[in-house]
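Notes to accompany the following structure.
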Amino acid sequence: MSELTSNPGLAHHFEDLEQQHESMTLGMWAFLITEVMFFGGLFTLYAIYRWQYPDAFSESSNKLSVLQGAGNTVVLIGSSLTMALSIWRAQHGDMRGTVRYLVATLLLGSVFLVVKGFEYSHKFHDHLVPGAHFDVSQFLMPETQAHGALFFSLYFAMTGMHALHMVIGMVALLILIKRVRRGRYSAENYSALELMGLYWHFVDIVWIFLFPLLYLIGRTWTPA
Amino acid sequence: MSHNISSLGYYLRVFATLLILTAATVGAAFIDFGAFSTPIAMTIAMTKGLLVVLFFMHVWHSKKLTWLFAAAGFLWLVILIGMTFGDIVSRGWQGQPAL
């Protein structure tokens, strides 16, 4: 017992690292369930409005770039791979490898946000941001323009909340990288990395659903 | 801690499958499947999400309690979307004003 509690990574209220790891993992999953419900509300709104205004949603969706959306999907899946590999290296006690893969994850996250930034600025330029300068008269009839505004409002709300989660994840990654370099974790105690991974993969999953729902609808759509 | 340690190839195979499914969903979007387009896209997305949950998030090698937590999140999501969307869609079926 005294030998176990002497581990600096073990909090005193846990029996051992195994129990601590399990509790931390379940706590993270409980938090992720609340996150699922948070994004679930947005997906519900999307489902209802798309069901009501399918044509305006299809036409508006065609204004998004499939190439940028698909490219970012690949980037984000790649970042999930490097995140998983950073834990894989930690399990082998190779903390230098862990840092390398965490930095790669951070870089891929930055690439995603830069592409997203270019997409957003294009939308501002093309008057596709709901607000005073919103103008979809080029492709929507006057009576359906408000429905196009709904699509773009949802586009910015959903991708914006997703991007905010990316930014928070990247700040967490930075802190984690610093701690790994200071030697806080080892092959016996890497639970913090596991939690980081759970969060990062969750954000990846949200994008896996956002991409087809926002970018890929109505690609074969033709006016009735 | 005595955790299951997977190989590099294991993670690369999951990654490759995710890339193939991404290509599949883009390809399918440009084929006219009519009313089946969205179900096809969602089936591919669910498959991708499941791969990430089971293998990247290590649920596959986790204890039953972790499986339960992951499943609970999905169950509550189904209730949230299913019941709300079901209500909207079924308006007007039995004489109530349609939305």
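Taking the listed residues A:Gly97, A:Gly9, A:Gly69, the one that is among the small types (Gly, Ala, Ser) and within 26 Å of A:Pro223 (Cβ to Cβ) is A:Gly69, with no other qualifying. The set of residues in the stretch A:196-207 that are under 19 Å from A:Phe156 (Cβ atoms) and among the aliphatic types (A, V, I, L, M) comprises A:Val203, A:Val206. The single condition from (1) away from chain B (no Cβ under 14 Å); (2) within 25 Å of the chain's Cα centre (by Cα); (3) charged (D, E, K, R); (4) more than 30 Å from A:Gly9 (Cβ to Cβ) that A:Arg219 fails is (1). All of A:Ala30, A:Ala47, A:Ala56, A:Ala70 fail the test of being in a helix (DSSP H, G or I), over 18 Å from the mean Cα position of the chain (by Cα) and within 10 Å of chain B (Cβ to nearest Cβ), apart from A:Ala47. Sort out which residues of the stretch B:56-85 are at the interface with chain A (Cβ under 9 Å from one of its Cβ atoms) and in contact with a His (Cβ under 9 Å, 6 or more places away or on another chain), and write them in order of number. The answer is B:Phe56, B:Met57, B:His58, B:Thr66.
Taken together, A:Glu143, A:Glu194 contain a single residue that is modelled with pLDDT under 95 and either farther than 26 Å from A:Gly40 by Cα or within 14 Å of chain B (Cβ to nearest Cβ) (or both), which is A:Glu143. Residue check: is B:Gly49 farther than 30 Å from A:Ser23 by Cβ and either free of Cβ contacts under 8 Å to residues at least 60 places away in the same chain or aromatic (Phe, Trp, Tyr) (or both)? For B:Gly49, the condition - farther than 30 Å from A:Ser23 by Cβ and either free of Cβ contacts under 8 Å to residues at least 60 places away in the same chain or aromatic (Phe, Trp, Tyr) (or both) - is not met. Here B:Ile44, B:Ile88 are screened, and the one residue that is at pLDDT 95 or above and either closer than 30 Å to A:Pro223 by Cβ or more than 7 Å from every other protein chain (Cβ to nearest Cβ) (or both) is B:Ile44. Checked against the criteria, B:Ser37 does not count as facing another protein chain (nearest Cβ under 9 Å), surrounded by 13 or more Cβ atoms within 10 Å (Cβ to Cβ) and part of a loop (DSSP other than H, G, I, E, B).
The values are calculated or read from the model by the stated rules, or taken from the named source; none is laboratory data. Small disclaimer: the values here were computed from a predicted structure and weren't measured. Positions of Cβ are backbone-derived with ideal geometry, glycine not excepted, and every protein chain shown enters the neighbour counts.
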